[in-house]
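The structure under discussion appears below in the form of structure tokens.
The values are calculated or read from the model by the stated rules, or taken from the named source; none is laboratory data. Predicted model only: the values in this text are computed from it and were never measured. A quick note on method: Cβ atoms are made from the backbone with ideal geometry, for glycine too, and the neighbour counts reach across all protein chains shown.
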Amino acid sequence: MEQFPEFREFRSRRRELVLSVSQEGESTPLEELEAANERLKAHLADELLVDVRKLSPKGFERLVVELLIKMGYGGEGRKLAR
């Protein structure tokens, strides 16, 4: 994904948002919690991306199909053969 300029721009904008929220001097506890939540989501997204990149093409295909099934697309209760 890093080969696409749009993806790199998306990631940098997300990090800038997290930094700008966390650097504000006068923030409420709720704002601090929201900023921490955004940082955690960004970190999780980065970790997931690393793990997905490690998958073989067949593994990636399985991941996508399982995700679509979990989202309600495709057959009811179908499982992929492993």
(message) For region 26-46, which positions are part of a helix (DSSP H, G or I), farther than 18 Å from S12 by Cβ and either touching a Lys or Arg at 6+ places or on another chain (Cβ under 6 Å) or not acidic (D, E) (or both)?
(response) P29, L30, L33, A36, N37, L40
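Working carefully through the options P5, P57, find the one that is modelled with pLDDT of 90 or more, surrounded by fewer than 10 Cβ atoms within 10 Å (Cβ to Cβ) and either touching a Phe, Trp or Tyr at 6+ places or on another chain (Cβ under 7 Å) or not polar (S, T, N, Q) (or both).
P57
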